[in-house]
Amino acid sequence: MTKDKVDLLQGTLDMLILKALALEPMHGFGVSVRIRQMSREVLRVEQGSLYPALYRLEQQGWIRSEWGVSENNRRAKFYTLTAAGRKQLQQETENWERLSGAINLILGAT
Amino acid sequence: MNALQQMTVWLRSLLSRRRLEREMHEELRRHVEMQAEHYVREGMSREEARRAALRGFGGVAQVEEACREARGWAWIESLWQDLRYAVRSFRHSPVFTLTAVVCLGLGIGATTAIFTVVKGVLLAPLPYPNADRLVLLRSINPATDEVHRGISGSEFLDLEETAQSFGGMAAYSSAHLDLTGGTRTERVRGLQVTEGFFDVLGIQPSPGRGFTRIERTTRERVIVLGRRLWQRRFAADPNVIGRTLDVHTWRSLPDVGPWRYSVIGTVSSDFRFLPVFEELESRTLGVDDTVDFWLPLAVDQDLRDWRPLAAIARLKPDVSMQQAQAELDTIAARLAEAHPESRQWRFCLVPLYDEVVGPIRPALLVLGGAVGCLMLLAGVNVATLLLVRAVARRKELTVRAAVGAGVGRLARQLMTESLVLAALGCGVGVLLALWGVQGLDALAPEQLPRHENLHVDLPVLGFAAGLSLLAGLLVGTLPAWVAGKPDLNESLKSQGRSLTPGSSGRRALSWLVVSEVALATVLLIGAGLLIQSFARLRRVAPGFDAQNLLTMTVSLPEAKYAWKQNTVFCNQVIERLESLPGVVAVGAVRGLPLDETRIDVWITVEGRPFVREADRPVARIRVVSPDYFRAMGIPLLRGRRFEPRDGIGEIGYTRVALINKAMARRFWPEEDAIGKRFKVGADEIVDNIPWIEVIGVVGNVRYTGLDQAPQPDIYYPEPLFPQARISLVLRTQTNAGSLAGVVRREILAVERDALVTDIKTVEEVVATSLADRRFTMLLVSSFAAVALALAVTGNYGVVAYSVSQRYQEIGVRRALGATRADVLKLVLRRGLMLSGTGVLLGLVAALALGRALQSQLYGVSAMHPPTFAAVVLVQLAVGFFASYNPARRAAKIDPLQALRYE
């Protein structure tokens, strides 16, 4: 398992968080686990970036939070994707694909 | 989410900050726990797992800070912190805080008070529609620069017809009516106007109407009521049109009433006509420009040289003042040709605003300037104090910088502190302004036109807040700049000199204090002189006993009584009043002391012809009832009082009179005046008039003012000149004012339609006559007090500042052998030098300005040495105390610490 930390741009991190929450509501710890899992252990999100990002996303209205009970019967804050957030996710995904496609083209050219 | 929704969320999160903080803690803690459990599941021990989790998490504080910033209210948090810190540090130095707040409060308060006055009097538009288009028409003789208040009837008619510049024109003149019926006879004030008046001033009588042109000439008895009168007499009956009002006297009518007037309209709101009524009566009836009624004004065509009509006009919207004046000049030239006898007169236009506000404007501007200077001085004082404080907090600031506070943060902290001071100063200032405006209103109602407009309202508060903000920002700039210096270490090393404005700045500060002290000195001397002058004036014996003396004016309806009967009325009233319990004596006179009207006459003294016209003897006549002198408490110095045997000759001629000491001394200085004779009238026509014999001499009474020397007075026995309007004086045993109601009842019992007005105690009359002086005295004293406070704080600030500058130098001196006492003396000397120079300059200025003040002073010279000496001592003492604290602290400087401070 590589321990390289990949520096994620803020916008990219936001997109990944939204994606992680697209499937089901989750608490912060769960989001970081999910992102690690989904990226096959490549991407580890630092808590120093994760929580501020979560708060920012909530401020902007793309995710919503509420207190619930975690799997260990403990209180935890769960985040859910809102309708606006879903739309934002779709838009960002499209942008990313366009951007990465372009870069791939350049890198693939001789 | 749009901007508004975001803002709401932000606001809501702001308000529930504490709860959100707690939740954030809990959330992050939960994360660490879950991570730890994850490690435990992977096989670590509990302890290891927790440590690994914490490590992996990173710095909790930083994460929390980042979260807070993401939330968007980090800056509010730090602002709140700044505020709390500022308040705490102020609590630790109460003297400094109090001084700074008081300084700012005085400056802001004075400025706000004067602003209130300026706003209400100068800036507020006159309460008439299109008030800036309203002009008054005056007559002016360009050759002699004589200005007449009015124009003649024919001139008015000419202008009405031919002048094109005006959208409307009207003539007006003030009028009084005595209204009988109702609960009592009352005198009301109003205007006689031509029909254009309502239009020009934008009054709409409703219900009813104004006048028409016809009513000018038909002398029909119609009247338009003002709101107050309508309320009082008709209970605001909407069907008042056609109802009538009984009017008992009216000035310019030749015949005798009563008249019945029918109401043709009313005005539903109070209308104030601001060009001041110049009638004598208006002064005694109180300063109230509300119009109670309107009557039609007849305009006389005939006399061109008599100019009784005041005229007001509204300029057409597209006509300027110059154009209108030019047109008037043309018309005047044409009239001059047609009527050469009045050719030297022209018309001139005076904007209504200038007329109402003009006299007071220069004084207000001077006050505004003075107060602005005070504000400036107060601001500089506080800046100095803050600078001293900033320099003293060097250590604290360096520590904060070392721990990680950015330079901007420190500067913000200091600026916050000065803004907090400014806010406190604003509060104090607003209170002072409220109090000051109330004082101004109470003390100077006559000098201040439109004083009903003085309110401390929202715009004024806004001004105060804005001024405080500005003051806080400006005043805080200096210390904030000092703190924000990029390299504190470096600047501290260079002997603290670069922390400060430098030696030229220091000199500027010194001169500032010197000028503050000089200003305070001048003002204190002025105040001292005025106070003494006022006190002396109050102690002047008026010549009668002013205690327990009640006065009032009684008028009889002219129409009802043939004037001969007035004496009967007078005697009846006096009898009735004298029989009241508590009344010692009653007298009647035309003309009250200290109040005004007099009849000046030329007299011819038997055996003393005069040489030059200018020496022709003059005296004043007062017509009194027999008991007048006893009631007033005027002593009889020689001879006897009037007795019944002093028979009345034909009405208008008396054979005996009483005179006062001044007259006796003037005309018969070496001899006994009793038995001497004189005649009233100019030499040439008095031959047929019998001589008047002096039968007694009474003491002098200062009738025209406490500060005027007594003039020759002649007293006639009352029955000779029955008056329609007399003043009664009652001496009572105790509290004069309490008998007012009873006395009025008794008078009305004798004559139902009598008009009793102006019931006052003589003490009130005396106080009113001194009102102007009292006002000046209080105004100057207030300024003096403020200037003194500023001088003290300025002195303190600058001395403290110079001590902080010379910190090391003092250490060196001590190390070289100077004692604490030496240091104390050193600092004190500096402080006293500042005060001393200021006092000296102030003395010179006071001597120079003394002449200007002399006219205001009574019985005190403008160079009164004891006052000067007292002020000098006070200033020096005050300067001493101001410097004492910094001097003491300087003496306590530990030389080792000072030297080590490199």
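Computed quantities for the displayed model
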read-out	value
Extension reserve of the residue B:44-residue B:164 stretch, reckoned as 0.36 nm per residue once the Cα distance is removed	32.6 nm
Distance (nanometres) between label positions extended 7 Å along Cα→Cβ at residue B:725 and residue B:21	7.6 nm
Label-reachable residues, the range B:35-65, where backbone N falls under 15 Å from a point 7 Å from residue B:81's Cα toward its Cβ	B:61-65
Difference of contour (0.36 nm per residue) and Cα-Cα distance, residue B:272 to residue B:431	54.2 nm
Label-zone membership for the range B:13-38, site residue A:71, 7 angstrom Cα→C-beta point, backbone N under 13 Å	B:34-35, B:37-38
Of B:676/B:760; B:119/B:760; B:661/B:760, those spanning more than 32 Å from alpha-carbon to alpha-carbon	B:676/B:760; B:119/B:760
Contact surface B-A: accessible area buried, both sides summed, square angstrom, 1.4 angstrom probe	2200 Å²
Degrees between helix B:17-42 axis and first principal axis of chain B (Cα, 0 to 90, nearest 10)	10 degrees
Relative contact order (%) - the range B:759-902, alpha-carbon pairs under 8 angstrom, separation at least six	43 percent
Using distinct alpha-carbon pairs, which all enter the 1/r mean, Kirkwood radius of the range B:767-825 in Å	15.0 Å
Modelled FRET efficiency - R0 51 Å, residue B:507 with residue B:365, Cβ distances, 0.05 increments	0.95
The protein assembly as shown, accessible surface, carbon-and-sulfur percent (1.4 angstrom probe)	57 percent
Nearest-0.05 FRET efficiency for residue B:237 and residue A:60, computed from C-beta distance (R0 60 Å)	0.30
Accessible area per residue in Å² at 1.4 Å probe, computed on chain B	48 Å²
Degrees, to the nearest 10: B:820-854 long Cα axis against longest axis of chain B	20 degrees
Most to least packed among A:92-104, A:69-81, B:375-387 [average Cβ atoms within 10 Å]	B:375-387, A:69-81, A:92-104
Helix B:565-578 vs. chain B, principal-axis angle (Cα, 0 to 90°, nearest 10)	50 degrees
Length added when fully stretched, residue B:260-residue B:809, from 0.36 nm per residue minus Cα-Cα	188.2 nm
Long-range HN-HN contacts of residue B:623 with modeled amide H, under 5 Å	B:590, B:716
Percentage relative contact order, chain B, counting C-alpha pairs under 8 Å, at least six apart	15 percent
Inter-label distance for residue B:708 and residue B:785, nm, one decimal - labels placed 7 Å from Cα along Cα-to-Cβ	3.3 nm
Residue B:244-residue A:36 pseudo-label distance in nm [points 7 Å out on the Cα-to-Cβ vector]	10.9 nm
Relative contact order of chain A, defined on C-alpha pairs under 8 angstrom at six or more residues apart (%)	28 percent
Calculated FRET efficiency for the pair residue B:900/residue B:874, C-beta based, R₀ 60 Å, to 0.05	0.90
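The values are calculated or read from the model by the stated rules, or taken from the named source; none is laboratory data. Note that the structure is a prediction, hence the values are computed from the model and not measured. Note: ideal-geometry Cβ built from the backbone for every residue, glycine included; neighbour counts use all protein chains shown. Protein only, heavy atoms only, side chains kept; ligands, DNA and RNA dropped before computing areas. Shrake-Rupley method; radii C 1.70, N 1.55, O 1.52, S 1.80 Å.
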